[in-house]
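The values are calculated or read from the model by the stated rules, or taken from the named source; none is laboratory data. What you are looking at is a predicted structure, and each value in this text was computed from that prediction instead of being measured. Cβ placement follows ideal geometry from the backbone for every residue including glycine, while neighbour counts extend to all protein chains displayed.
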């Protein structure tokens with residue numbers, strides 16, 4: 001019998017003894033439940049953020065200790081969500097802390113069958129060079145009628161719904177400066 005709770009500790013018996021049919025408060029408490037504490041108790045700081053999943057923009061509170069995220073919860077002060085998160089927003093903690101999350105840039109060479117890890121700087125340089133090459137090879141300085149175009153139709157940009165106005169503004173400026181004219185955001189589609 002060692003390790004098993006005494007019959008007097010059983011919640012049902014406590015309910016009967018205390019005439020508490022709903023088992024609220026101490027009636028339902030156990031030594032284990034009394035010792036529980038929220039994960040957020042030991043956080044060094046709380047960082048406000050926005051859920052990355054859709055265009056709603058629900059507020060989140062990110063509890064951090066050192067460089068480690070302890071928990072992510074809805075922000076009760078958010079005028080958008082009032083502290084509520086949908087199932088995807090509630091799973092943000094698992095998204096950012098999962099051991100299965102890819103932590104490096106993976107590249108598969110043309111006609112390759114396997115992925116290889118490459119440094120982020122190399123990947124960024126490869127993307128930048130490919131954008132420049134596509135722009136240079138397809139640049140239209142003038143139309144057939146002689147009108148100034150200064151554009152390329154070889155690329156387009158479709159923004160995500162989680163981007164805020166400032167990010168969309170900067171993306172539009174960037175892509176316009178490259179001569180890209182096909183710029184859209186999925187929030188409008």
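Has the stretch 83-90 got at least one residue that is within 30 Å of residue 163 (Cβ to Cβ), touching a helix residue (DSSP H, G or I) at 6+ places or on another chain (Cβ under 7 Å), surrounded by 16 or more Cβ atoms within 10 Å (Cβ to Cβ) and not assigned by TED's automatic domain parsing to the domain that holds residue 159? Scanning the stretch 83-90, I find no residue that is within 30 Å of residue 163 (Cβ to Cβ), touching a helix residue (DSSP H, G or I) at 6+ places or on another chain (Cβ under 7 Å), surrounded by 16 or more Cβ atoms within 10 Å (Cβ to Cβ) and not assigned by TED's automatic domain parsing to the domain that holds residue 159, so the answer is no. Among the conditions (1) surrounded by fewer than 10 Cβ atoms within 10 Å (Cβ to Cβ); (2) in contact with a helix residue (DSSP H, G or I) (Cβ under 6 Å, 6 or more places away or on another chain), residue 55 misses just one, which is (1). Do the conditions hold for residue 179, that is, is it on the phi > 0 side of the Ramachandran plot, surrounded by 10 or more Cβ atoms within 10 Å (Cβ to Cβ) and outside the structural domain of residue 71 (by TED's automatic domain parsing)? The answer is yes for residue 179. Would you please list the contacts, defined by Cβ atoms under 9 Å and residues six or more apart or on different chains, that run from a residue in the stretch 20-43 that is not assigned by TED's automatic domain parsing to the domain that holds residue 8 to a residue that is assigned to a loop (DSSP other than H, G, I, E, B)? No pair meets every condition. All of 146, 159 fail the test of being within 25 Å of the chain's Cα centre (by Cα) and more than 30 Å from residue 39 (Cα to Cα), apart from 159. Considering every residue within the stretch 121-138, establish whether at least one is out of contact with any helix residue (DSSP H, G or I) (no Cβ under 7 Å at 6 or more places or on another chain) and in contact (Cβ under 8 Å) with a residue 24 or more places away in the chain. Yes, that holds for at least one residue.
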